[in-house]
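Below: the structure, in structure tokens.
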Amino acid sequence: MSDVSQSWHTVLEAMESGPSVWTTPAELATRLGGDLDETTDLLAALDAAGLILVREPDRFDGPVVALAPRGAERLIGPRERRAVAVGV
């Protein structure tokens, strides 16, 4: 996990521990106790690194984010992610 900065790891952990797979940047900023602009900047960097997925579904007013498979692997490791994927 050496290629993931501490602030990125904190965001990934907050996403993983949330009540649903998808979350909005505003909900994530609240969960992190931070500023929306700062959180949005971190999310942009995580998106560029392929660690999160960003979508703009019709039912939301703005974007929502979720962990990408690569982000999950960085957070919990490849072996555990494979076990989760196959339901072990």
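The values are calculated or read from the model by the stated rules, or taken from the named source; none is laboratory data. Only a predicted model underlies this, so the values are computations on that prediction, with no experimental measurement involved. Glycine also receives a Cβ, built like all others from the backbone with ideal geometry; neighbour counts cover every protein chain displayed.
How many of the residues making up the range 44-71 are in contact with a Pro (Cβ under 6 Å, 6 or more places away or on another chain) and either modelled with pLDDT of 90 or more or of a type in the set (A, V, I, L, M) (or both)? Number of matching residues: 1. Looking across the range 13-26, just one residue is assigned to a helix (DSSP H, G or I), in contact with a strand residue (DSSP E or B) (Cβ under 9 Å, 6 or more places away or on another chain) and more than 18 Å from Arg70 (Cα to Cα), and that is Pro25.
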